[in-house]
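Notes for the one structure printed next.
The values are calculated or read from the model by the stated rules, or taken from the named source; none is laboratory data. Just so you know, these numbers come straight off a predicted model, no measurement behind them. Glycine gets a Cβ as well: all are built from the backbone with ideal geometry, and neighbour counts include every protein chain shown.
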Amino acid sequence: MTPIDLGHHGDREVQPGLVDFAVNVAVPRPPPWLRRELERALDEVARYPDVAPAVDALARLHGCPAACLLVTNGAAEAFTLIARARRWHKPLVVHPQFTEPESALRANGHLVTRLILERDNGFALDPSRVPADADLVVVGNPTNPTSRLHPRESILALVRPGRLVVVDEAFMDVARGGGDSVLQDAIACEGLLVIRSLTKTFGLAGIRVGYLMGTSDVIAQCALTQPHWSVNSLGVAAAVACAGTQGQEHTRALRGDLALWVSDLVARLTSAGLDVVREPAGPFVLVHHRHAARLRDGMRRRGFALRRGDTFPGLGPRWLRIAAREPSMTAALLAALAQELASINHGSHDTALMDQESEDLA
Ligand SMILES: Cc1ncc(COP(=O)(O)O)c(C=O)c1O
């Protein structure tokens with residue numbers, strides 16, 4: 001069996017001229033108030049960055065001591081810091097999920113155990129399926145790509161002495177209904193670490209800024225291997241602004257918009273005959289179709305990039321992930337999708353007839 005390319009991400013699917021439904025960054029550019037802060041920060045870039053204002057602003061936002069928070073070069077850096085923090089004996093990654101945690105663990109010499117959740121029960125997490133001797137458990141919530149939100153109780157049920165539970169909450173700030181975060185638990189509870197990202201909600205994927213929250217000793221362990229000046233001056237300025245009033249208003253408004261956009265997307269996909277994983281809590285949906293790979297290729301020819309599903313452990317070529325976008329974009333996507341589906345169905349019909357004819361001739 002060909003190994004899965006864990007380094008494949010949605011950005012590889014987007015080429016000039018394609019409308020992007022593959023990458024989960026929710027806004028095409030940072031909002032104007034944030035761009036002004038970034039411009040101001042450009043005046044400071046001759047100096048080495050000082051991350052302290054970002055730590056203070058985010059700690060204030062979440063009401064925790066600064067020692068419980070580590071700002072990182074995007075959430076992605078956090079996975080590497082965690083992989084390096086200890087010699088893990090049995091690190092386990094709950095799949096299907098974002099592949100960087102497993103990549104980072106492997107790159108740092110760890111042998112990774114996978115727990116694959118299933119479609120049959122909506123990709124729900126049953127904590128009792130996690131082996132007792134797993135000393136690191138990584139789970140996404142809401143999970144990319146299933147868009148499944150695990151209840152806080154299920155996450156807390158994973159915590160036990162001698163284990164670190166890492167919860168990737170990169171999409172929690174815009175999750176349906178406000179989500180179900182364990183952020184406050186992580187500050188109070190040994191063995192729980194939360195990852196957050198600012199790149200999706202604020203259009204900062206190219207600047208890279210995220211953070212880790214947990215008890216001060218776990219945070220100190222993760223900080224040990226973080227390179228100096230890992231978070232640049234623009235990232236620091238962005239984090240301060242995002243943690244402020246305008247940032248929080250932006251998040252609230254976007255969460256509301258995304259909830260409507262996701263419902264619109266689900267309704268349209270469903271009426272086009274696609275099988276959508278129910279109750280998506282994140283700003284993207286996971287879709288099953290027996291010709292998903294052909295559908296994706298056909299949609300590329302029609303100018304739309306959709307995220308392939310086969311590079312997520314536990315999924316395969318019959319899956320696609322589609323990002324929520326504003327309704328006019330979704331309408332354009334669905335118009336093209338209807339044509340592509342018609343062409344695929346027509347082709348399948350022809351193939352079925354040919355199969356039948358050759359059977360009749362035989
Ligand atoms: C679930 C999840 N976690 C983390 C990340 C990485 O986020 P960042 O851009 O902050 O590194 C992504 C990016 O797609 C993601 O989907």
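Among the residues of segment 238-256, the ones that are more than 20 Å from T72 (Cα to Cα) and more than 20 Å from the chain's Cα centre (by Cα) come to 3 in all. In this entry, L69 passes the filter for residues that are more than 16 Å from the chain's Cα centre (by Cα) and within 16 Å of the ligand (Cβ to nearest atom). The set of residues in segment 21-41 that are within 15 Å of the ligand (Cβ to nearest atom) and not in a loop (DSSP other than H, G, I, E, B) contains only F21. Applying the set (1) closer than 18 Å to I82 by Cβ; (2) touching a Cys at 6+ places or on another chain (Cβ under 6 Å); (3) buried (at least 20 other Cβ atoms within 10 Å of the Cβ) to S216 leaves exactly one unmet item: (3).
For segment 167-219, a residue qualifies if it is more than 13 Å from the ligand (Cβ to nearest atom), out of contact with any Pro (no Cβ under 9 Å at 6 or more places or on another chain) and of a type in the set (D, E, K, R), and the qualifying residues are D185, D217.
For segment 203-225, the tally of residues that are under 17 Å from the mean Cα position of the chain (by Cα) and of a type outside the set (V, I, T) stands at 8.
Out of all the residues in segment 198-225, which are under 23 Å from N108 (Cα atoms), part of a loop (DSSP other than H, G, I, E, B) and of a type in the set (D, E, K, R)? Don't jump to the end; show me each part of the working.
At the first step, the residues of segment 198-225 found to be under 23 Å from N108 (Cα atoms) are 208-214, 217-225.
If we keep only those that are part of a loop (DSSP other than H, G, I, E, B) too, we end up with 208-209, 214, 225.
Across segment 198-225, the qualifying residue is only R208.
Test S197 against the stated conditions and say whether it is surrounded by 20 or more Cβ atoms within 10 Å (Cβ to Cβ), of a type in the set (S, T, N, Q) and in the same structural domain as A134 (by TED's automatic domain parsing).
Criteria met by S197.
The residue that is farthest from the ligand (Cβ to nearest atom), among those in segment 84-106 that are part of a helix (DSSP H, G or I) and under 21 Å from G314 (Cβ atoms), is R106.
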